Amino acid sequence: MTNDPQASVPAGPAASSQGDGPGGPAGQRDPAGPPAASGARRRRLGLSLPGCWGALVLACLSFTPSLLPRGGILQGLICGISAAIGYGLGVVAAYVGRAFADREARAASRRSWLVFAVSAVVLFALAFGLGQYWQHEIRRLMGVTDYNVLTAVACPFVAALVFLLLLLTGRGLRALYRRAARLLERWIGPRAARAVGWIAVAALAWAVFSGVLLQGIVNAANEAFSLRDTQTPEGVERPTSVLRSGGPGSLVPWDSLGREGRAFTGSGPSAEEIGAFTHRSAREPVRAYAGLSTADDAETRAARAVADLERAGGFQRENLLVMTTTGSGWVDPAAVDTFEYLGNGDSATVAMQYSYLPSWLSYLVDQAKAREAGRELFDAVYETWSKLPADDRPRLFVAGESLGSFGGETAFSGEYDLRNRTAGTLFVGPPNFNTLFREFSDHRDPGSPEIAPVYKDGRTVRFTGDPAAGVPPQGRAWDGTRVLYLMNPSDPIVWWSPSLVLGEPDWIGEAPGDDVLESMVWIPFVTFWQVTADLPFSTGVPDGHGHTYKVSYVDGWNAVMRPSGFTAQDLDRLRDIVGPEQ
């Protein structure tokens, strides 16, 4: 005889009102109830009243603001996920409560369901209205004017669909667990069977998600973007200069550079354009690059890029930049263009590709490749650079944006290593998991906030979200090598972390940045999904917000490079040059 709790539950939604619990509903069968088959069918469609209350609470809280403005479809997705989590928490809470009270589940009355229904309509409408207000305020802070009424109206329907799909998925896993437990009871005791059954189903679900579903998505995306990598961006042509990879005499074929590599070497300011800005005789910058098709492994790819850099005379320039790319090999034009303008063209930049995937997807799955690429490229450059006479070396700089900053950091062990082996470093929009970024932020000086930490009195490493306003701590000496992190307060890539699920970070409890609403609060589970949903759209906001840093490069590089002869008016002109979409 089995101990299936489902067999003793009355039919209909009311019968399962106290929650499914880890092993299914519990309670007494109604003698006057319908036939068993019909009752079982209704129970599968029934909802738990405690679970519904949990779903309602988290669904309403999902409308609270996060870092970026979001449309109705995205809000519906977050709302549906939050509601499903809330439902599960409500079910578990009811189950635990019954266990401590040592009682069976009781059917909820029609009145209880009516109270819930009325409360749900009122509370959801109120949360929806507040959510629209908060989204309006975020758009106002960032200067975003786009608003789609239809997607806002679609939000509740998307939320209901997502909630239903997740609920059915959970019930399917529960049914699979029960079948496994009943099968295991033939050989082991009921308690052991239930424990082993849960473990087996959880392991199977994780294996399917990570090994089949997730990997399948990554493989499909990799295949799709590898085809895109063979294209050349519109308006980009093969360089005719010997100073560019892919040009005449280059050791790296043009076709092997990839889409982003061709965009990098086939564009950029000319010596004439730089001279028009500096009012001096300027040189044409050197740009070296190696794509994924250039070589099969990162070490060889880095060696080819550095060999081409040396061929083009990159080690004879005044300023040399090692740039770790993001995702598919993209280099923000504003980052390198600014470096070249402020260096009067007497500069060289080297970079290489390590993935086909776009930045936000590489951010999630290609961290190991970014780490390897950053280390191999810098080591290859440093090996050649360090053999040059000390008075005949270029100033060696390092930069990286987003996952590129993660890769760039991996070549260094800490503050002293950065100071001793570089002339300056600019890391922009660093992911929260960056090793050095976390070390500097976690060990910041007492009293400094996480959104603007001060490390070791700012002697080498500093942080700012607005370099045009100065780099704190103001009035403190910043001699020798300068390491600067640029991070917008509203950049989800900087603040996203798995710890958001159950832990409140310091940055949410602190005074918010200029483009973050004070209304943003940390809510278990909800905040994690809100910030997660912000990630793919982090670059879809105006410059200076989210993960967009074009104009910030001007004042960032000016602080790190410390070029002479440029006035505030010159920097304003340079912002106009690099600021527009390129």
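The values are calculated or read from the model by the stated rules, or taken from the named source; none is laboratory data. Predicted model, so just to flag it, every value in this text is computed and none were measured. A quick note on method: Cβ atoms are made from the backbone with ideal geometry, for glycine too, and the neighbour counts reach across all protein chains shown. These accessible areas exclude ligands, DNA and RNA; they are computed on the full protein's heavy atoms, side chains included. Shrake-Rupley method; radii C 1.70, N 1.55, O 1.52, S 1.80 Å.
How tilted is helix 190-206 with respect to the longest principal axis of the chain? Cα atoms for both, answer in degrees (0 to 90, nearest 10).
So the helix axis and the longest Cα principal axis differ by about 30 degrees.
Can you give me the distance in nm between label points at residue 438 and residue 121, each placed 7 Å from the Cα along the Cα-to-Cβ direction?
Placing both labels 7 Å along Cα→Cβ, they lie 4.9 nm apart.
For the chain, take the longest principal axis of its alpha carbons; what is the angle in degrees between that and the long axis of helix 367-386, to the nearest 10 within 0 to 90?
Helix 367-386 sits roughly 20 degrees off the main axis of the chain.
What is the angle, in °, between the Cα long axis of helix 215-228 and the longest principal axis of the Cα atoms in the chain? Nearest 10 is fine, range 0 to 90.
Once rounded, one gets 30 degrees.
Using 0.36 nm times the number of residues separating residue 113 and residue 386, minus their current alpha carbon distance, what extension gain do you get?
90.8 nm
Taking the alpha-carbon distance from residue 387 and a cut-off under 28 Å, which lysines remain once sequence neighbours fewer than 8 residues away in the same chain are dropped?
The qualifying lysines are 369.
Let a ≥ b ≥ c be the square roots of the eigenvalues of the Cα gyration tensor of the range 223-311; is it rounded (a/c under 1.5), or, if not, prolate (a/b larger than b/c) or oblate?
Oblate is the answer for the range 223-311, as a/c is 1.5 or above yet b/c matches or exceeds a/b.
Rounded to the nearest Å, what's the spacing between the alpha carbon centres of the range 387-449 and the range 119-169? Just the number, please.
40 Å
Could you work out the relative contact order of the chain? I mean the mean sequence separation of Cα pairs under 8 Å and 6+ apart, divided by the number of residues, in percent.
12 percent
Using R₀ = 56 Å, calculate the FRET efficiency as 1/(1 + (r/R₀)^6) where r is the Cβ-Cβ separation of residue 232 and residue 504; round to 0.05.
0.75
For a quick check: with amide H placed at 1.01 Å from N, whose amide H comes under 5 Å from residue 395's, ignoring anything fewer than 5 positions away on the same chain?
319, 320
In nm, what is the difference between 0.36 nm times the number of residues separating residue 139 and residue 521 and their Cα-Cα distance?
Residue separation times 0.36 nm, minus the Cα-Cα distance, leaves 135.7 nm.
Would you work out what percent of the accessible area of the chain, with all protein chains in place, is carbon or sulfur (probe 1.4 Å)?
59 percent
So for each of 376-387, 178-189 I average, over its residues, the number of other beta carbons within 10 Å; can you give me the resulting order with the highest mean first?
376-387, 178-189
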